[in-house]
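Asker: Questions regarding the structure given below will be posed in turn.
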Amino acid sequence: MKWFSCLLALVVSSSVVAGPPSSFSQAKRLAAGIYQDQAVTFYCDCRFEAKTVDPTACGYQPRKQPKRGARVEWEHVVPAWELGHQRQCWQKGGRKNCNRTDPVFVTMTSDLHNLVPAVGELNGDRSNYRFGMLEGEVRNYGRCDFEVDFKLRRAEPPEHRRGDVARIYFYMRDTYGLRISRQQEQLFSAWHRMDPPDEAERQRDARIVKVQGNSNCYVSGC
């Protein structure tokens with residue numbers, strides 16, 4: 001199985017070069033170092049320092065939670081909820097049970113390729129919604145081109161991040177056997193073509209290789 005081979009490669013390469021984080025908490029600390037001189041949030045390009053965002057500098061306007069709109073949170077591009085719902089451990093006790101009993105789930109939710117810095121309010125509003133295209137151009141966050149439809153439970157990232165999202169999903173699919181619907185496969189394939197990796201994304205991948213020991217080949221070249 002392709003996903004098992006990818007996971008095995010991750011373990012083998014990490015034993016030689018580095019190692020995957022042992023927990024989400026450790027992953028967040030390591031991620032902060034990876035972004036140290038690329039300290040801008042994923043969706044809104046807001047500069048941040050430590051855990052603090054200056055929302056006025058990037059034109060971010062809080063929709064409802066100004067305190068959360070001024071801090072950075074580490075978001076799973078593929079939500080932990082989506083990862084967990086494909087694991088048996090989730091059915092027997094949710095995320096807490098998965099963290100306690102399922103080492104693969106812990107590795108998945110600690111994988112640095114799947115973690116990005118986000119404005120806290122966006123992280124909360126996006127929740128576990130799937131990515132997709134939304135009609136209209138509703139702006140609930142000032143100049144930040146990120147849209148959420150709470151009724152449809154769907155989020156639309158800005159154009160310059162759609163390819164990044166697609167490549168992260170494909171990486172998680174290949175590495176851990178994540179199941180993605182045919183509709184999403186088609187959408188992500190289009191996003192991957194329309195928004196190819198840029199230099200910042202390639203640098204991020206190279207830094208993750210140094211820390212975690214494996215690359216996202218959709219960024220570095222499959």
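The values are calculated or read from the model by the stated rules, or taken from the named source; none is laboratory data. What you see is a predicted model, and the numbers here were worked out from it, not measured in a lab. Don't worry about glycine lacking a Cβ; one is built from the backbone with ideal geometry, like all the others, and counts go over all protein chains shown. Protein only, heavy atoms only, side chains kept; ligands, DNA and RNA dropped before computing areas. Shrake-Rupley method; radii C 1.70, N 1.55, O 1.52, S 1.80 Å.
Asker: I'd like the full set of residues that are closer than 13 Å to Val116 by Cβ and touching a strand residue (DSSP E or B) at 6+ places or on another chain (Cβ under 6 Å), limited to the range 132-156.
Answerer: none
Asker: Another one. Looking at (1) part of a helix (DSSP H, G or I); (2) touching a helix residue (DSSP H, G or I) at 6+ places or on another chain (Cβ under 7 Å); (3) open to solvent by 70 Å² or more (accessible area, probe 1.4 Å), find the lone condition where Lys210 falls short.
Answerer: So Lys210 meets the others, but not (2).
Asker: Please go through the range 43-101 and pick out each residue that is of a type in the set (Gly, Ala, Ser) and open to solvent by 80 Å² or more (accessible area, probe 1.4 Å). Explain how you work it out, then say what you get.
Answerer: To start, the set of residues in the range 43-101 that are of a type in the set (Gly, Ala, Ser) comprises 50, 57, 59, 69-70, 80, 84, 93-94.
Passing the criteria: only Ala50.
Asker: Could you check Arg139 against (1) closer than 28 Å to Lys51 by Cβ; (2) at pLDDT 95 or above and say which number it fails?
Answerer: In the conditions (1) closer than 28 Å to Lys51 by Cβ; (2) at pLDDT 95 or above, Arg139 misses (2) alone.
Asker: I'd like to check something: does the range 74-95 contain any residue that is touching a residue at least 24 places away in the same chain (Cβ under 8 Å) and farther than 20 Å from Arg173 by Cα?
Answerer: Yes.
Asker: Could you list, in sequence order, the residues of the range 158-197 that are farther than 30 Å from Gly142 by Cα and not in a helix (DSSP H, G or I)?
Answerer: Within the range 158-197, Gly177, Leu178, Arg179, Ile180, Ser181 qualify.
Asker: Is there a residue being closer than 23 Å to Cys46 by Cα and touching a Cys at 6+ places or on another chain (Cβ under 8 Å) anywhere in the range 132-141?
Answerer: Scanning the range 132-141, I find at least one residue that is closer than 23 Å to Cys46 by Cα and touching a Cys at 6+ places or on another chain (Cβ under 8 Å), so the answer is yes.
Asker: Condition first: within 16 Å of the chain's Cα centre (by Cα), open to solvent by 10 Å² or more (accessible area, probe 1.4 Å) and either under 16 Å from Met133 (Cα atoms) or free of Cβ contacts under 8 Å to residues at least 12 places away in the same chain (or both). Now tell me which residues in the range 165-183 satisfy that.
Answerer: Ile180
Asker: Still on this model: What about Val138, is it over 27 Å from Val209 (Cβ atoms), among the aliphatic types (A, V, I, L, M), touching an Asp or Glu at 6+ places or on another chain (Cβ under 8 Å) and open to solvent by less than 60 Å² (accessible area, probe 1.4 Å)?
Answerer: So Val138 fails the test.
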